[in-house]
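Student: One structure follows; several queries about it will come next.
Readers should treat all values here as calculations from the given coordinates under stated rules, not as data from a laboratory. Computed from a predicted model, the values in this text were never measured in an experiment. Glycine gets a Cβ as well: all are built from the backbone with ideal geometry, and neighbour counts include every protein chain shown.
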Amino acid sequence: MQAVLPETHQDVEVTCFHCGQPCDEVWEKDGHSFCCVGCRSVYEILSEHNLCTYYDLEKAPGLQLKNIPDTGEYESLNEAAVRKKFLLFDSAEFARAEFFTPAIHCISCIWLLENLHKLNAGILQSKVHFGRKTVTVDFNPQKIQPAQVAALLASVGYAPVIRLQNPADNTMGNDKTLTLKMVVAGFAFGNVMLFSFPEYLGLSGTAGLARLFSWLNVALSLPVFLYSANDYLRSAWISVRQRQINIDVPIALGLIALFFRSVFDIVTGYGPGYLDSFTGLVFFLLVGRWFQQKTYQNLAFDRDYSSFFPLSVYRREQGMWKPVVIYELNPGDVIRIRNMEIIPADSTVLTGEAYVDYSFVTGESRPVKIEAGNLVYAGGRLIGQPVELRVEKKTSQSHLTSLWNHEIFRKPKESRYRRLIDKAAQRFTWIVLFITLAAGVYWYVYDASRVWLIVTSVLVVACPCALALAVPFTLGNMMRKFGHNGFYLKNADVIERLAAVNMWVFDKTGTITRAKNGELKFVGSLSPSEQQAVRQLCSYSTHPMSVLIATHLPDSGQIPVTGFREIPGKGIEGYVNEERIRIGSAAFTGALAATGQAAGVYVSINDEVRGYFKSEASLRNNLKEAVDRWNSPVALLSGDNDTDRLRMRNLLGEAAPLLFNQSPHDKMQYIEKLQNEGKTVLMIGDGLNDAGALKQADVGVAVTDDAGIFTPSCDGILQGDKLGHLDRFVFMARKAVQLVKAGFVLSFTYNAITLTFAVVGKLTPLVAAILMPISSISVVVFATVSVHYSFNRYFNRTGRA
């Protein structure tokens, strides 16, 4: 924007209201002083849109802007070729971009960047990832273009760095910075110890040399204090200015006390100080932070590739369609996507015409028509006839993981243990400060010479980090174990809800029962050409019965299908050879009036019922044993008729409610009724017709035999051959919650013991710094070993879980 002329111009030495830097020249506005036109312009933008709360969260939170950023450099983002590479998603009314903004440094930055929609009506929402220094912006391309979004960020002091690569790669910079700080602290620690040998050995006659070494120790410790320890000091300072106390406050107090007390002793000649303890303390604190960072990264890797549902699609190889896991897809590969399948990577449509539902990405279910030549984005769900796509961009499994965890699909219940950790962490710091004060007063009275070391030890050794690690590592490791055994969860919080389940509700077809190709028979009459037409129509659907029919009938070549449509809970229809074919329930095909209600998948051609496919579907292996071991309430909700009532009664027991002819809405209402009665419900369905019930249930699990199908509203996906282990998964979820509690006890016990030793003067700050990361390591080791041991011991056991 164009800056207005200053209201006044004075030559006064003041600091800038926006960035806090000294003002060579003063530019005033609304009684505030600014160092430059850029800073004043940002203030004017925020003031105009009532966003000056930005300055209330932290004093002078902005960055210096001596020159207004040249927003013209972002114009290339509007070019089609660049836009295609840069945007994560692009459509007529919705687009998403991720910007790397290295200027993000505090809570004020986050607050401002997540309120961009108040600066421009074209911004729909924005989310900051503080650790990666990125901001993801959803916007309406009809109101604002990518270049304008980048310019808007630059105009408020957060100029984005444009890199046409994975923004996550920028996290490598954070890793290098932490490693460099660790190297500086380690180098200083080793040399300070070397220079302190005369003091350690009590050598006499070396007073002059010891004095020189003490000053060298100060010189070595300065970069450790100003650079290596900077993150702790800055975090504590920001916390105090915001009138909040975080865990870095006691650590920062300990560092400041130890450093300045040591410098005072050396300057006054009182003693050699404790700079060996100070540099060692910082070094081991950074080692602990590095360890925590690496363990989280390893957990995230397992989350992406080991624990996540192995989504696969059909890729054309040597003229044949073969299934392949999506992270093996490469640009240029040709894939085939069927109705209701998820598009795994940004691709170009080669053949076919259908619709794509991007609710997975945008949160809004508004199908978009696609045809040959159109670009489609990862995460969209195909609606309609199959299409062939050419992969344009390799997509990571983690991208689909984040889509699966979209806010629109989250359950309202918050993690009970995460709330407990948040409250404990807030109170923990105040408790530590109180203990430190009490210990300081006591030792000042009885032995003042030991006050600084003991106070520092108490401040450093007490840390709730281990407490915070108990939940993610225990549940994360259990989630990984589930994934290795065919049960894939949306996130670790699902385990906590699964542990509280006290009732199961099953769908029937495709869930409890599964038909096999040899067990399928057609009762009626179809000519060879009609059989091929039925087969072709069924190949367009991913429903288990459609797949079974398509596999059962002979393949005589490809026939075009037009007007394909799939109605959940009813059936599919389309035109083949200009004949209207309907396949599905008796009511859907009009068979009720003709033949009465019978079990099967009916076929009508040009409104004439030609017969039905009859399948003696078998029960899932070991399901009867799992229900018996469960020994708690179960129920059945089926969209089919009640011809299978006797077999379901034998499976689920005399007390189980068996409800047939249930629509998707009926199923959802029944789940809600159970919840109102105090039940915690696990719904197990096929993920296609049961989406509403899966979303309504406390835990919704989609059972599938096809690695290409799942629903975003489910919390987990269970391989069909693993349904007989369902009770054991619930039991292991309860075991995981017990292990979380044990981790809490371990963390509290560890802190109590180390605090006791620190208060009575049995720990030096250096030993305290070593023990602090060990507490985190102990919880991580406990979580990993205990989960592994418990799973191997209990999961495959027999008897009631």
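Student: Taking 7 Å along the Cα-to-C-beta vector as the label spot, tell me the residue 655-residue 230 distance in nanometres, rounded to one decimal.
Tutor: Spacing of the two 7 Å Cα→Cβ label points: 6.6 nm.
Student: Something else: What is the calculated FRET efficiency for residue 48 to residue 749, with r their C-beta to C-beta distance and R₀ = 51 Å, to the nearest 0.05?
Tutor: Efficiency, from the Cβ-Cβ distance: 0.40.
Student: Separation of segment 737-754 and segment 257-291 by C-alpha centroid, Å?
Tutor: Taking the Cα centre of each part, segment 737-754 and segment 257-291 sit 30 Å apart.
Student: What's the ranking of 250-256, 622-628, 317-323 by average number of surrounding C-beta atoms within 10 Å, highest first?
Tutor: 250-256, 622-628, 317-323
Student: Using 12 Å as the cut-off for backbone N distance, which residues of segment 496-510 belong to the label zone defined by a point 7 Å from the Cα of residue 676 along Cα→Cβ?
Tutor: Flagged as within label range: none.
Student: Still on this structure, I have one more. In what sequence, highest mean first, do 778-789, 147-158 appear when ranked by Cβ atoms within 10 angstrom?
Tutor: 147-158, 778-789
Student: Expected output is a single nm value to one decimal: the length gained when fully extending between residue 742 and residue 270, i.e. 0.36 nm times separation in residues minus the C-alpha distance. What is it? Mind dumping the intermediate values first?
Tutor: Values: separation 472, 0.36 × 472 = 169.92 nm, distance 4.75 nm.
Working it through step by step, the gained length comes to 165.2 nm.
Student: Convert each backbone phi in segment 177-186 into a coupling constant with the Karplus relation 6.51 cos²θ - 1.76 cosθ + 1.60 (shift: θ = phi - 60°), then list the ³J(HN,Hα) values in order as whole Hz, x for Gly and Pro.
Tutor: 5, 4, 5, 5, 4, 5, 5, 4, 5, x
Student: Mind giving me the nanometre distance, one decimal, between the label points for residue 645 and residue 92, set 7 Å out from Cα along Cα→Cβ?
Tutor: Once both label points are built, they end up 5.1 nm from each other.
Student: 7 Å from Cα along Cα→Cβ at both residue 140 and residue 526: what's the point-to-point distance in nm?
Tutor: 4.8 nm
Student: Quick one: of 490/722; 394/695; 84/127; 394/490; 393/722, which pairs are farther than 25 Å apart, Cα to Cα?
Tutor: 394/695; 393/722
Student: Can I ask one more? Rounded to the nearest 0.05, what FRET efficiency do residue 760 and residue 117 have when you use their Cβ-Cβ distance and R0 = 56 Å?
Tutor: In this case the efficiency is close to 0.50.
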